[in-house]
Amino acid sequence: MINNVQLWEKTLFELEGELSRANFSTWFKNTTILKCDDGMVVVGVPNEFVKDWLQNKFHKTILRSLRNLSDNVRGLEYSVCKIEEPKGNKKSVIQSISSQSMALPLNDLYVNKEDGLNPRYTFKDFIVGSFNELAYAASQAILKKVGTNVYNPLFIYGNTGLGKTHLIQAIGNEIKTHYPNKRVYYTTSEKFSVDYINSVGQGSKAMASFKNKYRVYDLLIMDDIQFLSNKEKTQEELFHIFNELYHNNKQIIFSSDKHPNYIPALEDRLKSRFSAGMIVDIQEPEYESRLAILCAKAETQKFFPPKEIIEYLASSIQGNIRELEGLLNGIICQSELKNRNLTLNEIKPFIKNSAKPKKLLSIKEIVKVVCDFYSIEESFVYEKTRRKEILKPRQIAMFILREDFNISYPSIGEKLGGRDHTTVMHSCEKIKVEIKNDLSLMQEVDQIRAMF
Amino acid sequence: MNFFCNRETIQKCIMSAERVTGKNSSLPILNSVLIATNKDSLIIRATNLEVGVEFQIPAEIKKEGSVAVSGSLLSNILSNIPDEETITVSVIDNVCKIITKTKNITVKGLIPDDFPTIPVITNGESFTIQSQNFIQGVKSVLMSAAISDIKPEIASVYIYQKNKQLVFVATDSFRLAEKKIDYIGENISHGVIIPVKNIIEIIKVFEDLKENILFKITKTQISCKSKSAYITSRVVQGIYPDYEQIIPKNNTTEVLILKQDFINTLKLSTIFSGKFNKIQFIINPQQKKCLISTKNSDIGETESTLTVNISGEPIEISLNGKHIFDSLNVIAEDSIVIQFNGSNKPAVIRGVGDNSFIYLTMPLTK
């Protein structure tokens, strides 16, 4: 099975032989295959003139060539699309003037100022895997029932580079396309607080316009809410805006890198409101998802590295999607430079810097962290005491050693005061069960884990 | 093919069509115009694959057919037989014979089958505007569009509907012009960004007409149709910058000047304004004086004083003289008002009593 780019290249090669040079370069320059669904090929053309002409004059020829190359081609359509012309010959002409002249403070051409959304983020290129399927499902539910307060507010949290911003912007963009009269607004908590601070300095009129500005939206998306910590007045303003929007059945979406309860210095009334709707987390993607993400990314870049390289990348880099993309870009750049695909060995040094170093901690160090957390003497853990305040840290230490560091039961037992491996198994099992029922224990374990 | 028609009518159309033939195209047929018959009228078509035009003119058709002939050649021939009132054209085997009372001209043509078709918009939104209104709107802002097409969005004129007005905007990111034209008619849901090179062709086609033009727009194409002419152009697929937020609502200094006085002074000043067209303004509200000076270290300098009406704070600012001239050319009023918001914020120029046109220009650095 050949891919679209190759298919089109081969088709063009055939057509080039049949047509005169001038004809070919006029009509087939800047064309591409946009997609190929069930044998229906959509060819992207630069303008309507070309579309008309290909349709009227070359339709049969193109279709015949396509069929020769790929058996499952059934139909052919044309669509006018924006095709980036290769840059390089266009030199900046304005530069000489701009040294003297100041530019108008026009915003970046490509950010739609009114809603702050970046149209680049859509669901089309959003990869759903088990790591984010819950968040995805929640967002789809919101899209289906806009303004009904299902999952309102939606709170998405997860580590950096896992696609939170992509997801919430995609919701905004999707609503914008399906409900053009809904007012969508995307902002970051930082922008919000700057906006607030500016309005404070400028008297009551500015304040009123600030208050009104955020209350007119049907969908308010606020990114990186964790930066609101310690900004009491901004929080208070957000609280009022939240209430107003919530009462009018307007959807609100937040994202943060932490669960709301762990955001320091966040007012309780905000915390409780964040928890009122739906809180979902985005985990780190597992191997299959990473593979899918890399493949999709390579596809959009029109770059097709050998399979084993993608697989190697997916297996050696954990977690952060942004890092994955960065590395892939690096590899694309390298292979464009060398004009061939890189081998696995060439890629390895590349990865070296980015692959997360496996943490090497001795058992002793881990035990020390746990003991420090519970402020007990380290030595007690190794003794034969069964006092409750010692027992719990010891069991947690065993649990973490087993779960996070994969140390065998017997060696845990041996290192923690020469205990039998069944004791260790019992401890781990016990914590595992308790953690499900005991919220405070879960928080404690999470906090300890954060220290490694 | 054989037809008989008025020389002046066909000449005008051929010359208009010749403008949009593909001059640098590798496909030779794009240099030509297509002449075809349609019952009792003649169709003249040309395209450079950016813009396509089609004219329909009355003619006496004796035999149907079509031919493609070099546009420049044909317009050259027609403009050199000014005494002839009518011409007869016959085509056999793509050879075109133009016969007048006293002249016999033979022109080689090309196979008309290879001539590109011109897209016709069937779906999409449509609206109607009187041709002169449209042209006025476009011409008021045209000069502000960016010349280089690095950013295609701003190498264009942006047209959209707002309330009961049609708004025309162009900017090259150093200055901006906005013109509003009264408009009653169908709602236009999304604005359209037309490349500046193409909109020039559009207004050229309708310049001499005074009739309603029917516009049709889709995401990729715009077409304009009058009784006798049809022109279609690619549109820029993109988002026009949100310019409204940069139009200042207040001002710190306001200057009222008679346009002609201002033009006269500027004309003198530009002699010394150098390649950046830099003109310095020192505005003094107390003395009601505006000092305009330019300086060129190679050739000399000027300094002139204008007595004007000023309110607000004193200000010193350098502006681009060419930008100011461009705006004065489209302002019809006798007196203009210039508003400032400090020496590094855009200056606003408009005609006194005219709210339909607004012009912003950024100051130059000192």
Taking the Cβ of residue B:19 as the center, what net charge do the other residues with Cβ under 9 Å away carry, scoring Lys and Arg +1 and Asp and Glu -1? -1
In chain A, if the dipole is taken from +1 on Lys/Arg beta carbons and -1 on Asp/Glu beta carbons about the Cα centre, which of A:316, A:242, A:78 is farthest to the positive end? A:78
For residue A:123 and residue A:442, extending 7 Å from Cα along the Cα-Cβ vector and measuring point to point gives, in nm, a value of 2.8
Check cross-link reach from residue B:63 to the lysines: straight Cα distance under 16 Å, and skip same-chain residues fewer than eight apart. B:39, B:97
Given the -39500 (n - 2.57) contribution per DSSP H run of 4+ residues, what per-residue ellipticity at 222 nm results for the protein assembly as shown, rounded to the nearest 500 deg cm²/dmol? -11500 deg cm²/dmol
What residues have an amide H closer than 5 Å to that of residue A:117, excluding those fewer than 5 places away on the same chain, when H is modeled at 1.01 Å from N in the peptide plane? A:112, A:186
Between residue A:160 and residue A:38, how many nm apart are label points set 7 Å from Cα along the C-beta direction? 4.5
What is the local net charge at residue B:166, summed over the other residues whose Cβ is closer than 11 Å to its Cβ (Lys, Arg +1; Asp, Glu -1)? +3
Within a Cβ distance under 12 Å of residue A:169, other residues only, what is the Lys/Arg minus Asp/Glu net charge? -1
Lys/Arg +1, Asp/Glu -1 at C-beta; the range A:312-441 dipole; positive extreme among A:408, A:349, A:428: A:408
What are the ³J(HN,Hα) couplings of the range A:284-299, residue after residue, when phi is run through the Karplus curve with 6.51, -1.76, 1.60 and θ = phi - 60°? Round to Hz, x for glycine and proline. 6, x, 8, 3, 4, 5, 4, 4, 4, 4, 4, 5, 4, 5, 5, 4
From the backbone phi of the range B:96-101, what are the Karplus-calculated ³J(HN,Hα) couplings (6.51 cos²θ - 1.76 cosθ + 1.60, θ = phi - 60°) in whole Hz, Gly and Pro given as x? 9, 10, 9, 10, 10, 4
For chain B, built as a Gaussian network whose Cα springs stay under 10 Å, the top-fluctuating residue of B:179, B:275, B:139: B:275
Counting only other chains, and only Cβ atoms inside 10 Å, what mean value do you get across the residues of A:48-59? 5
Loop-resident sites, the range B:199-250, for trypsin sites (Lys or Arg not before Pro), counting at most 14 other Cβ within 10 Å (DSSP): B:210, B:219, B:227, B:249
In degrees between 0 and 90, to the nearest 10, how far off the longest principal axis of chain A does helix A:133-144 point, with axes built from Cα atoms? 60
Members of A:124/B:219; B:180/B:249; A:35/A:164; A:124/A:211 lying beyond 23 Å, as alpha-carbon distances in this model show: A:35/A:164; A:124/A:211
Can you pull out the trypsin sites (Lys or Arg not before Pro) in the range B:39-99 whose DSSP state is coil and whose Cβ has at most 10 other Cβ atoms within 10 Å? B:39
Between residue B:208 and residue A:403, what is the spin-label point distance in nm, taking each point 7 Å from the Cα along the Cα→C-beta axis? 8.6
Qualifying chymotrypsin sites (Phe, Trp or Tyr not before Pro) for the range A:223-324 [loop in DSSP, other Cβ within 10 Å: at most 14]: none
Could you give the angle, 0 to 90 degrees to the nearest 10, between helix A:4-18's Cα long axis and the longest principal axis of the Cα atoms of chain A? 10
What do you get for the angle between helix A:59-69 and the principal long axis of chain A? Use alpha-carbon atoms, 0 to 90 degrees, nearest ten. 50
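Is there a quick way to get the dipole size of chain A? I mean about its Cα centre, with the Cβ of Lys and Arg at +1 and of Asp and Glu at -1; what is the value in debye to the nearest 20?
400
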Residue among B:205, B:160, B:142 farthest towards the positive dipole end of the range B:125-244, charges placed on Cβ: B:205
With r as the distance between the Cβ atoms of residue A:82 and residue A:271 and R0 = 51 Å, compute the FRET efficiency 1/(1 + (r/R0)^6) and round to 0.05. 0.70
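A short reminder: the numbers here are calculations on the coordinates, not readings from a lab. In this text the structure is predicted, and so the values were computed from the model without any measurement. For neighbour counting, all protein chains shown are included, and Cβ atoms are generated from backbone atoms with ideal geometry for every residue, glycine included.
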